[in-house]
Amino acid sequence: MYDTLTSTYTFSCPIHGETHVCLSRFRRLERLPGAQHPAVYRVEFACGCGGEHPGLVSHDDLDWAPLGLHDETKFVNLMTSKVEAVAAELSDVAAMRIKAGEWPWSFFCWPEERPRPVYPSAFKLLAPTVSGDRVGLAVRCPVCGKVSVNLVSRAHVDVPFVNDREVGVVEHVFGHDAAASVEEFRAELWSESFDARRLGLE
Ligand SMILES: [Zn+2]
Ligand SMILES: [Zn+2]
């Protein structure tokens, strides 16, 4: 489902059969109702074929797999010459970094006027800029429950522990559902102006 080496999720595409997309190509995430363990998210993603398709991602795949916690790929450890699982190595590194106060993902909560750590399951809507190098990101704050919209780099979304030093913030509290559709979100997003905020989490 998630490939740690390419940082991509595998979904099915009606044209290509199978496609691999990174997190910043997700357009909409929605937790399915019910008490599945782990929870399941319905996503819509922008596919390489030009279309947008639905897919399902488990909570584990969304939040933990990018940190390498579910990877079963084996590699040869050059220090010990033993075959080991990548997951153990990566999860150690991730755990150490989190303990040291680094966060895999973060965003700027506008209602609280402060940066917050976050996991991808808190992302609601994503829309790329026309140039494609930045992404408008609607996040539901895990602490205050309000939706904020940040303008970030693709790497900020796709690569754990890569956080933009400064992000664009829309000075506007979005409704509880942020927007009914990706199209509305896009239209609303690009009609707003962005203010720069620093994302230092210290
Ligand atoms: Zn497709
Ligand atoms: Zn908040």
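Please treat every number below as a calculation from the coordinates, not as lab data. Please read these numbers as outputs of a predicted model, since none were measured by experiment. Methodologically, a virtual Cβ is constructed for each residue, glycine included, from the backbone with ideal geometry; neighbour enumeration extends over all protein chains shown.
Going through the range 32-51 one residue at a time, which ones are surrounded by 14 or more Cβ atoms within 10 Å (Cβ to Cβ) and in a strand (DSSP E or B)?
Answer for the range 32-51, where residues must be surrounded by 14 or more Cβ atoms within 10 Å (Cβ to Cβ) and in a strand (DSSP E or B): V40, Y41, V43, E44, F45, A46.
Being over 16 Å from the mean Cα position of the chain (by Cα) and either more than 11 Å from ligand 1 (Cβ to nearest atom) or in a helix (DSSP H, G or I) (or both) is the filter here; which residues of the range 1-25 pass it?
L5
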